[in-house]
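*Asks:* Take this structure, written in structure tokens, and hold onto it; I'll ask about it next.
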Amino acid sequence: MVKARIAVLAGDGIGAEVTAEAVRVLDAVAKRGGHAFEFVDALIGGAAIDATGEALPAATLTLCRGADAILLGAVGGPAWSGPAVRVRPEQGLLDLRKALGLFANLRPVAPLPAVLHASPLKPEVIDGVDILVVRELTGGIYFGAKQRTATEAVDECRYSVAEIERVVRLAATLARSRRRKLTSVDKANVLETSRLWRAVVERIMPAEFADVACEHMLVDAAAMHLLRRPRDFDVLVTENMFGDILTDEASMLAGSMGLLPSASIGASGRGGLFEPIHGSAPDIAGRGIANPYAAILSGAMLLRHALGLAEEAAAVEAAVAQAVEGGALPADLAPAGRDGISTRAAGDAVLAALARA
Ligand code: IPM
Ligand code: MN
């Protein structure tokens with residue numbers, strides 16, 4: 001029996017709709033397994049700015065520090081962007097990642113056979129793709145000093161050896177439980193931070209992970225090879241902004257942003273922040289039509305990484321696959337000419353598959 005306090009930060013846009021389905025699924029998992037999950041809601045992002053003036057209120061951070069895991073929806077939206085805005089919703093998420101030391105963001109990409117049609121890429125290119133992107137999450141240009149004058153702006157990009165070592169070690173360790181191949185992505189032909197990144201990888205891999213094949217790839221080439229021969233990638237490790245960009249691209253291998261979950265973890269190996277890679281989708285927010293599968297799959301990652309419930313996690317992943325195979329397709333996955341099902345109906349389909357298991 002596992003007892004867990006889970007902070008639920010729905011955030012903005014479709015965040016509330018998709019996290020509601022993830023919570024329903026986690027609740028069902030708890031009931032079936034005799035676990036006791038307590039869900040505690042808190043504010044982040046634009047919703048928090050409206051209520052408190054801050055994107056990450058102190059009360060939210062305190063709750064998250066004390067929680068066994070955090071489930072997050074999405075942050076951001078047109079109401080809190082533009083030149084006049086003082087605090088941005090996104091800063092709340094960045095501050096939370098930093099404050100909790102969540103330096104590694106795991107983003108698995110594996111297309112479900114039933115929705116190969118949803119991808120703009122040819123089925124024969126994406127069939128069998130199984131990639132784990134490990135994105136550095138608390139360093140680089142996201143967190144460097146920013147400056148702005150009337151005529152100029154600066155974003156500093158900085159990485160330390162220690163920051164690179166810990167994320168590369170984690171990625172290489174994860175590669176050991178997979179196909180033992182690591183692709184380190186950088187821009188070492190131009191950027192000094194990338195040259196340091198590559199030097200660290202070249203030192204660590206032969207010395208500590210001789211059993212893991214290692215290659216280096218420039219980020220522009222990686223963007224191309226992800227579409228040309230995605231099956232060749234196993235674990236891809238890269239710095240913060242490259243990882244952000246490449247995973248939006250990689251979501252098209254799976255057919256939709258609505259299918260990709262993520263886990264942000266730190267040194268302790270416990271706890272962590274679990275969130276879909278998609279954004280707040282203001283254009284469809286509040287209509288009950290968003291795809292909740294990425295949020296539900298983030299819940300599965302939460303079960304596995306934060307709570308040590310690997311079997312339950314696999315059961316949720318299998319239930320999502322079954323729901324999709326059974327034709328429970330929200331609009332982003334539905335074939336042209338067919339209406340998508342509602343967010344709630346997709347959650348129901350997962351719950352029904354779980355109940356059958
Ligand atoms: C993501 C998002 C965030 C990021 C934004 C909302 C700050 O795009 O999690 O990929 O860039 O890290
Ligand atoms: Mn992103």
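*Asks:* Of GLU312, GLU317, which residue is free of Cβ contacts under 8 Å to residues at least 60 places away in the same chain, part of a helix (DSSP H, G or I) and under 21 Å from the mean Cα position of the chain (by Cα)?
*Replies:* Details: GLU312 fails: free of Cβ contacts under 8 Å to residues at least 60 places away in the same chain.
After applying the criteria, what remains is GLU317.
*Asks:* Being closer than 21 Å to HIS305 by Cα and in contact (Cβ under 8 Å) with a residue 40 or more places away in the chain is the requirement here; does GLY140 meet it?
*Replies:* Values: closer than 21 Å to HIS305 by Cα: no; in contact (Cβ under 8 Å) with a residue 40 or more places away in the chain: yes.
Answer is no for this residue.
*Asks:* To continue, here is another question. I'd like to check something: does segment 184-198 contain any residue that is open to solvent by less than 60 Å² (accessible area, probe 1.4 Å) and within 13 Å of VAL133 (Cα to Cα)?
*Replies:* Yes, segment 184-198 has at least one match.
*Asks:* Next question. Can you tell me which residue in segment 140-154 is nearest to LEU196 (Cα to Cα), limited to those that are within 24 Å of the chain's Cα centre (by Cα) and not hydroxyl-bearing (Ser, Thr, Tyr)? Please lay out each step first, then the result.
*Replies:* From segment 140-154, those within 24 Å of the chain's Cα centre (by Cα) are 140-144; that's our starting set.
After this cut, where a residue has to be not hydroxyl-bearing (Ser, Thr, Tyr) as well, the list is 140-141, 143-144.
Numbers: GLY140: 12, ILE141: 15, PHE143: 18, GLY144: 16 Å.
If we take residues in segment 140-154 being within 24 Å of the chain's Cα centre (by Cα) and not hydroxyl-bearing (Ser, Thr, Tyr), then GLY140 is nearest to LEU196 (Cα to Cα).
*Asks:* Which count do you get for residues in segment 142-172 that are open to solvent by less than 70 Å² (accessible area, probe 1.4 Å) and in a helix (DSSP H, G or I)?
*Replies:* Residues flagged as open to solvent by less than 70 Å² (accessible area, probe 1.4 Å) and in a helix (DSSP H, G or I) within segment 142-172 amount to 11.
So that you can scan it fast, the table gives a plain yes or no per residue for (1) in contact with a Phe, Trp or Tyr (Cβ under 8 Å, 6 or more places away or on another chain); (2) β-branched (Val, Ile, Thr); (3) more than 26 Å from ASP95 (Cα to Cα):
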residue: ILE131; (1), (2), (3): yes, yes, yes
residue: ALA145; (1), (2), (3): no, no, no
residue: THR149; (1), (2), (3): no, yes, no
residue: CYS157; (1), (2), (3): no, no, no
residue: ARG180; (1), (2), (3): no, no, yes
residue: ASP186; (1), (2), (3): yes, no, no
residue: VAL201; (1), (2), (3): no, yes, yes
residue: PRO206; (1), (2), (3): no, no, yes
residue: ALA210; (1), (2), (3): no, no, yes
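*Asks:* Would you check which residues across segment 196-244 are within 23 Å of the chain's Cα centre (by Cα) and aromatic (Phe, Trp, Tyr) and list them?
*Replies:* The answer is TRP197, PHE233, PHE242.
*Asks:* Quick one: in segment 252-266, of everything that is of a type in the set (A, V, I, L, M) and within 14 Å of ligand 2 (Cβ to nearest atom), which residue is least open to solvent (accessible area, probe 1.4 Å)? Steps first, answer last, please.
*Replies:* Pass one, segment 252-266, residues of a type in the set (A, V, I, L, M): 252-254, 257, 259-260, 263, 265.
Cutting the leftovers down to within 14 Å of ligand 2 (Cβ to nearest atom) gives us 252, 257, 260.
Working: MET252: 67, MET257: 51, LEU260: 3 Å².
Among those residues, the one meeting the criterion is LEU260.
Per-residue answers, yes or no, for (1) in the same structural domain as GLU156 (by TED's automatic domain parsing); (2) in contact (Cβ under 8 Å) with a residue 12 or more places away in the chain; (3) farther than 27 Å from GLY279 by Cβ; (4) within 16 Å of ligand 2 (Cβ to nearest atom):
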{"site": "ARG166", "(1), (2), (3), (4)": "yes, yes, yes, no"}
{"site": "ARG180", "(1), (2), (3), (4)": "yes, yes, yes, no"}
{"site": "ASP186", "(1), (2), (3), (4)": "yes, yes, no, no"}
{"site": "THR193", "(1), (2), (3), (4)": "yes, yes, no, no"}
{"site": "ALA250", "(1), (2), (3), (4)": "yes, yes, no, yes"}
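*Asks:* Only one of LEU112, LEU121, LEU100, LEU116 is within 15 Å of GLU249 (Cβ to Cβ), in contact (Cβ under 8 Å) with a residue 60 or more places away in the chain and more than 13 Å from ligand 1 (Cβ to nearest atom); which?
*Replies:* Working: LEU112 fails: within 15 Å of GLU249 (Cβ to Cβ); LEU100 fails: within 15 Å of GLU249 (Cβ to Cβ); LEU116 fails: within 15 Å of GLU249 (Cβ to Cβ).
After ruling out the rest, the residue left standing is LEU121.
*Asks:* Could you check segment 31-48 and list, in sequence order, the residues that are under 23 Å from the mean Cα position of the chain (by Cα) and open to solvent by less than 60 Å² (accessible area, probe 1.4 Å)?
*Replies:* Initially, segment 31-48 is screened for residues under 23 Å from the mean Cα position of the chain (by Cα), giving 37-48.
Within segment 31-48, PHE37, PHE39, VAL40, ALA42, ILE44, GLY45, GLY46, ALA47, ALA48 meet the criteria.
*Asks:* Additional query: Taking segment 64-79 as the search range and keeping residues that are closer than 22 Å to LEU259 by Cβ and not in a loop (DSSP other than H, G, I, E, B), which one is nearest to ligand 1 (Cβ to nearest atom)?
*Replies:* Result: ALA74.
*Asks:* Closer than 24 Å to ARG166 by Cα, at pLDDT 95 or above, more than 16 Å from ligand 1 (Cβ to nearest atom) and open to solvent by less than 50 Å² (accessible area, probe 1.4 Å), is that true of VAL219? First the steps, then the outcome.
*Replies:* Numbers: closer than 24 Å to ARG166 by Cα: yes; at pLDDT 95 or above: yes; more than 16 Å from ligand 1 (Cβ to nearest atom): no; open to solvent by less than 50 Å² (accessible area, probe 1.4 Å): yes.
So VAL219 fails the test.
*Asks:* Looking at (1) more than 16 Å from ligand 2 (Cβ to nearest atom); (2) assigned to a helix (DSSP H, G or I); (3) open to solvent by less than 30 Å² (accessible area, probe 1.4 Å), find the lone condition where ALA59 falls short.
*Replies:* If we test ALA59 against (1) more than 16 Å from ligand 2 (Cβ to nearest atom); (2) assigned to a helix (DSSP H, G or I); (3) open to solvent by less than 30 Å² (accessible area, probe 1.4 Å), just (3) comes out false.
*Asks:* Do we find that GLY66 is open to solvent by 10 Å² or more (accessible area, probe 1.4 Å), within 30 Å of GLY271 (Cα to Cα) and either of a type in the set (Phe, Trp, Tyr) or in contact (Cβ under 8 Å) with a residue 60 or more places away in the chain (or both) in this structure? Quick ask: steps written out before the conclusion?
*Replies:* On the way: open to solvent by 10 Å² or more (accessible area, probe 1.4 Å): yes; within 30 Å of GLY271 (Cα to Cα): yes; either of a type in the set (Phe, Trp, Tyr) or in contact (Cβ under 8 Å) with a residue 60 or more places away in the chain (or both): yes.
Yes, satisfied.
*Asks:* How about segment 155-195: which of its residues are over 25 Å from the mean Cα position of the chain (by Cα) and not charged (D, E, K, R)?
*Replies:* Here is the first cut: in segment 155-195, the ones over 25 Å from the mean Cα position of the chain (by Cα) are 188-192, 195.
Once the filter is applied, which keeps residues that are over 25 Å from the mean Cα position of the chain (by Cα) and not charged (D, E, K, R), segment 155-195 yields ALA188, ASN189, VAL190, LEU191.
The values are calculated or read from the model by the stated rules, or taken from the named source; none is laboratory data. Everything quoted here is computed from the prediction, not taken from an experiment. Ideal geometry is used to build each Cβ from the backbone, glycine not excepted, and the neighbour counts take in all protein chains shown. Accessible surface areas use protein heavy atoms only, side chains included; no ligands, DNA or RNA. Shrake-Rupley method; radii C 1.70, N 1.55, O 1.52, S 1.80 Å.
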